[in-house]
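One structure is given below, encoded as C-alpha cells.
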Amino acid sequence: MQTLAPAANGMRITILESSGDRLLVRWVESGKCHFGEQRWRLGIASRSGTCALSGQYIRRGQMVYRPAERPRPPNHTAMIAPEALAQRL
C-alpha cells in the first residue's frame, strides 16, 4: 500500500492493491468525495486528459486505469497512466 498525493489540491490517492488489469484505490478529495475502496480497471482512454498521479498528458486511445464502479462516481473521468503507477510502486 502506498499513498500518493499528486498535487496541492487536497487530493490523496492510496493504491491498496494492484493485480494485473485491476486496482483497488482509496481516493480522497478534501471537501468533495471519499472512496475507501474503489475498483479501477485497465482500459482505453475515451478522451484526452491528465494522469491523476503524475499529471502527465494522456491521449485518447492510450491504456489507462479508470474507476469501474456503477453507478458512475463523481471521479469517473479520472485516469491513471500505467507508466505513472509503475514508477511510483
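Around the amide H of Ile58, modelled in the peptide plane, lie the amide H atoms of Gly49, Thr50, Cys51, all under 5 Å away and 5 or more residues distant in sequence or on another chain. Dipole of the chain computed with +1 at Lys/Arg Cβ and -1 at Asp/Glu Cβ about the Cα centre; of Gly36, Gly61, Ala81, farthest Cα towards the positive end is Gly61. When each of the peptides 63-70, 25-32 is scored by how many other beta carbons lie within 10 Å of its residues on average, the order from highest to lowest is 63-70, 25-32. Expressed to the nearest 5 percent, the antiparallel share of DSSP beta bridges inside segment 2-88 is 95 percent.
For the chain, adding -39500 (n - 2.57) for each run of n ≥ 4 DSSP H residues and dividing by the number of residues yields -2000 deg cm²/dmol at 222 nm.
Amide H contacts under 5 Å for Ala68: Arg39, Trp40, Arg41, restricted to partners 5 or more places along the chain or on a different chain, H placed in the peptide plane at 1.01 Å from N.
For segment 2-88, averaging the sequence separation of C-alpha pairs within contact (under 8 Å, six or more residues apart) and dividing by the residue count gives a relative contact order of 20 percent. The label point for His34 and the one for Arg60, both projected 7 Å from the Cα toward the Cβ, are 3.7 nm apart.
Taken together, the values in this text are just the output of simple stated rules run on the coordinates, not laboratory data. The structure presented is a predicted model; accordingly, all values stated were derived computationally and were not measured. All Cβ positions, even for glycine, are placed from backbone atoms using ideal geometry, and neighbour counts span all protein chains on display.
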